[in-house]
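Quick notes on the structure that follows.
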Amino acid sequence: MGRCAAHPYFTSPAQKPDLHRSRARENPIKVSTKTYNQKTMPFSSVTKVADADFPTRWGQFRILGFEGIVENPQPCNDDIPAPSKRIEGAVALVMGDIHSAPPIVRIHSQCLTGDVFHSLRCDCRQQLELALATITEAGAGILLYEQQEGRGIGLMAKLKAYELQDQGMDTIEANLELGYKADCREFELPAEVLKQLNVHAVRLITNNPAKVEALELAGIRVTERISAEVPSEPTNERYLQTKREKMGHLVS
Ligand SMILES: [Zn+2]
């Protein structure tokens, strides 16, 4: 099972939504934690490409860039062939002493609409702020930021999925309608980055049990799960409900 094609913006006519013959509606799929890849690391290499000073309004971090190369990746959308080689990027914000005890870690997937524009369609920005606040308060920790917009489907596909959600689908149904998997993410890259940082046990900020499971399977021990629950907004209640009911997220 692979990540998304590196070029999710190139869509084919086959992807055009046909609401009368919705695959998603005919076959509602409950997403299990098994959605995530539990096989071997697909990267032929993971390389640290940069390590720089990074002052922020939250505090003083180092900012590290990592690139993972995937040979012959599997497509996330059967209608869109994957390239023969894909380079996946991840950023690590590192604060303080991350080695004397398992550090607080958040694995955040890029959400342009939430992280940059403060969208209220999702809770990503609030979770990002919660993670940065928690790390800063502790004086140590790692924020891993993965360039996987829209659970890996890409920005343009995510906007198309929003359009379908405006017509009544939930976030998973919309992804399936567009021909994508419900969740194209895997967590081998963050696991590999942690190993390169010489971190083998973490206190993970997440509501997603699949992330805990995936990290453990990738060889990183999760000594504690710290809740990433943030207050819901009327505009993202349905999104949070879907994550809870169909993706097993632990929020009340
Ligand atoms: Zn978001």
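The values are calculated or read from the model by the stated rules, or taken from the named source; none is laboratory data. On a predicted model such as this, the values are computed, not experimentally measured, just so you know. Don't worry about glycine lacking a Cβ; one is built from the backbone with ideal geometry, like all the others, and counts go over all protein chains shown.
Structure notes:
- Test: residue in region 58-70 that is within 16 Å of the ligand (Cβ to nearest atom) and more than 30 Å from Leu178 (Cβ to Cβ): no
- Arg125 among the charged types (D, E, K, R), in contact with a helix residue (DSSP H, G or I) (Cβ under 6 Å, 6 or more places away or on another chain), free of Cβ contacts under 8 Å to residues at least 40 places away in the same chain and closer than 19 Å to Ala228 by Cα: yes
- When each of Pro102, Pro83 is tested for being over 25 Å from Cys184 (Cα atoms), touching a residue at least 60 places away in the same chain (Cβ under 8 Å) and either of a type in the set (Val, Ile, Thr) or away from the ligand (no atom under 16 Å from the Cβ) (or both), the lone residue that passes is Pro102.
- Some residue of region 161-177 being in a strand (DSSP E or B) and either of a type in the set (A, V, I, L, M) or within 16 Å of the ligand (Cβ to nearest atom) (or both): no
- When restricted to residues that are farther than 24 Å from Ile153 by Cβ and surrounded by fewer than 18 Cβ atoms within 10 Å (Cβ to Cβ), region 97-128 contains 4.
- Residues in region 81-92 that are out of contact with any helix residue (DSSP H, G or I) (no Cβ under 8 Å at 6 or more places or on another chain) and of a type in the set (A, V, I, L, M) were compared, and the one that is nearest to Glu177 (Cα to Cα) is Ala82.
- In the set (1) within 14 Å of the ligand (Cβ to nearest atom); (2) over 16 Å from the mean Cα position of the chain (by Cα); (3) modelled with pLDDT under 95, the condition left unmet by Phe117 is number (3).
- Exclusive hit being crowded, with 20+ Cβ neighbours inside 10 Å, more than 25 Å from Val70 (Cα to Cα) and more than 14 Å from the chain's Cα centre (by Cα), set Ala138, Ala157, Ala161: Ala161
- Each residue in region 45-90 was checked for being under 21 Å from the mean Cα position of the chain (by Cα), of a type in the set (Lys, Arg) and at pLDDT 90 or above, and 1 pass.
- Count of region 164-181 residues which are buried (at least 21 other Cβ atoms within 10 Å of the Cβ) and either under 16 Å from the mean Cα position of the chain (by Cα) or not acidic (Asp, Glu) (or both): 11
- Selection count, region 230-249, where residues are within 16 Å of the chain's Cα centre (by Cα) and not in a helix (DSSP H, G or I): 2
- Considering region 135-153, the residues that are of a type outside the set (A, V, I, L, M, F, W, C) and within 16 Å of the ligand (Cβ to nearest atom) include one that is modelled with the highest pLDDT, namely Tyr145.
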